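Below you'll find the structure, written out as structure tokens, and then a few comments.
The values are calculated or read from the model by the stated rules, or taken from the named source; none is laboratory data. Everything numeric here is computed off the predicted structure, so don't read it as measured data. Note that each Cβ is placed from the backbone with ideal geometry, even for glycine, and that neighbours are counted across all protein chains shown. SASA here: full protein model, heavy atoms, side chains in, ligands and nucleic acids out. Shrake-Rupley method; radii C 1.70, N 1.55, O 1.52, S 1.80 Å.
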Amino acid sequence: MTMPLAKLAPTPTSRPSTRTTEKQAPRRRPILAEVGHPAQRPPAAAHLTDADVAQLGRELDAIRDAIIADRGASDAAYIRRVIRAQRSLELGGRACLVFASLPPAWVAGVAMLSVAKILENMEIGHNVLHGQWDWMRDPDIHSTTWEWDFVTPAASWQHTHNDLHHTWTNVIGKDRDVGYNILRMDPKQEWQPWNLGNPLYNAMLAPVFEWGIAVYDLELQDVLEGKKSKTDLRRDLKAMGRKVVTQFAKDYVATPAVAALTGSFVPALLGTLTANAIRNVWAHAVIFCGHFPDGTDTFTEEMIEGETRGDWYVRQMMGSANISGSKAMHLMTGNLSHQIEHHLFPDLPSNRYAEVAVQVREICQRYGLPYTTGPLWKQVGSTWGKVFRLALPDRQA
């Protein structure tokens, strides 16, 4: 017997899609086996028996079910409080930039707008679009209606991120988030001479991360391979164009235009550019630290054949890494500092990941599984170390 992945961890409802393909049927979610084991478990989990993995799966299911049953008014109050704070910071930041010709106002405006954009992308937008707050039945805070402060349209991101990345986490050939079609981030990816530019590509990607994601979400490689129709590409390009116009109008037209009344047009324009760059560098660091530090595993397509519910959970844990730190740091990362817990339970409210993390870590210890975590500086250094190492050919070659 087999079981759809949706029974394990339902992907949040996303906007209706009309995606079609010219040479193949639409991609389907994997079917999880009820019993048995995949062709090969990760080396760190090779000591587990089928019974161990099945029991681990039941324990993680129980954790998820407990949070689902306990969601309530305090959780709803939390996300509404964060949204109010984010909007106040954005309003205050843009107001300061109206007087950006004054250095203190410029610094204050950039600082507030940067924090506002980080909160909107990480703790609000990312998590709302995962459907973490759909249970509130609030049409203004829902995965099907929220449009975030990022140049990539929400619907396009939900497809490549929710539907593909969270399903095929770290499966080479399935999860294109491993390197984003730009970087070589795993030895299983064949080395090519242009990989020598790995560090340069990564450094260039960080300050324009939202643009890199927007282009990535167009799935140009799929178009070249005939897996995505040109009709779908044109539709996605139009959606991206509309979003770019909206973002430019807000950041690079409206705010500087008002600032022009005080003689602050150019400083205000530079201020919004700086705030976006700060947000992009931060988002890039958090995302890369959650997926690529030493200690995270990758998988081949053959390795996941026969995967059970418990094995899917194991793959999520082995393919993710956490960032340790304060409550403020967790908030600013959108609680993606709990990346392991997020990959296990992408639709649970982000404010509950801290309590879930204690239980998940205990399960890992009890089953003899690694729980990859560390402070931000360590995870950033580890990730960049991998970027540099994989720029070079494999030593065996």
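Report the per residue volume, in Å³, of the convex hull enclosing the C-alpha atoms of the range 345-397. Spell out each step's value before the answer.
Details: hull volume 7.7 nm³, N = 53.
Expressed per residue, the convex hull around the Cα atoms of the range 345-397 is 146 Å³.
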Worksheet item: Can you pull out the trypsin sites (Lys or Arg not before Pro) in the range 360-397 that DSSP calls coil and that have at most 14 other Cβ atoms within 10 Å?
Response: 395
Item to complete: May I ask for the longest run of the chain untouched by GluC sites (Glu not before Pro) that are loop-located per DSSP and have at most 15 neighbouring C-beta atoms (other than their own) within 10 Å?
Response: 35-146
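How much length, in nm to one decimal, is gained on full extension between residue 147 and residue 354, taken as 0.36 nm per residue of separation minus their Cα-Cα distance?
Values: separation 207, 0.36 × 207 = 74.52 nm, distance 2.64 nm.
Once the chain is fully extended between residue 147 and residue 354, it gains 71.9 nm.
Taking every eigenvalue of the Cα gyration tensor of the range 38-96, multiplying by 5 and rooting it, what semi-axes result, largest first, whole Å?
Details: eigenvalues 379, 70, 7 Å².
In descending order the semi-axes read 44, 19, 6 Å.
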Worksheet item: Which percent of the accessible area of the range 108-196 is formed by carbon and sulfur heavy atoms (probe 1.4 angstrom)?
Response: 60 percent
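How long is the gain from residue 394 to residue 206 if the chain were fully straight, where each residue apart is worth 0.36 nm and the alpha carbon distance is subtracted? The partial results should precede the final answer.
Numbers: separation 188, 0.36 × 188 = 67.68 nm, distance 2.55 nm.
Value of the extension gain: 65.1 nm.
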Worksheet item: Roughly to the nearest percent, how much of the accessible area of the range 28-104 is carbon and sulfur, given a 1.4 Å probe?
Response: 61 percent
Worksheet entry | Mean projection area, nm², convex hull over Cα of the range 66-151 | 6.3 nm²
Worksheet, complete the sentence: Whole-percent carbon and sulfur contribution to the accessible surface of the range 203-325 (1.4 Å, no ligands, DNA or RNA) stands at 70 percent
Worksheet item: In square nanometres, what is one fourth of the surface area of the convex hull spanned by the alpha carbons of the range 171-210?
Response: 3.0 nm²
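Taking every pair of alpha-carbon atoms in the range 290-343, give the share separated by more than 13 Å as a whole percent. Before the final figure, lay out the partial values.
On the way: 881 of 1431 pairs.
Roughly 62 percent, once rounded to a whole number.
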Discussion item. Along the Cα→Cβ direction, 7 angstrom out, place labels at residue 55 and residue 366. What is the inter-label distance in nm?
Written reply: 0.9 nm
Item to complete: Whole Å is fine, so just give me how far the alpha carbon centre of the range 102-141 lies from that of the range 213-290.
Response: 15 Å
Worksheet item: Where only protein heavy atoms count, and the probe is 1.4 Å, what is the accessible area per residue for the chain in Å²?
Response: 44 Å²
Discussion item. Tell me the volume per residue, in Å³, of the convex hull enclosing the alpha carbons of the chain.
Written reply: 148 Å³
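Take the Cα radius of gyration of the range 178-243 and divide it by 2.2 N^0.38 Å, with N its residue count; two decimals is plenty. Intermediate values should be presented prior to the final figure.
Numbers: Rg = 13.8 Å, N = 66, 2.2 N^0.38 = 10.8 Å.
In units of the globular-protein estimate, the range 178-243 measures up at 1.27.
If you add up the charges near residue 110, with Lys and Arg at +1 and Asp and Glu at -1, over every other residue whose beta carbon is less than 13 angstrom from its beta carbon, what do you get? Write out the running numbers ahead of the final one.
Numbers: positive: 94, 117, 279; negative: 90, 251.
Summing Lys/Arg as +1 and Asp/Glu as -1 gives +1.
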Item to complete: Can you pull the one-decimal nm distance between simple spin-label points at residue 74 and residue 140, each 7 Å off the Cα toward Cβ?
Response: 2.5 nm
Worksheet entry | Helical segments meeting 18 Å axial Cα length and Kyte-Doolittle -0.5 threshold in the chain (DSSP H) | 50-70, 73-97, 103-119, 265-291, 353-366, 376-389
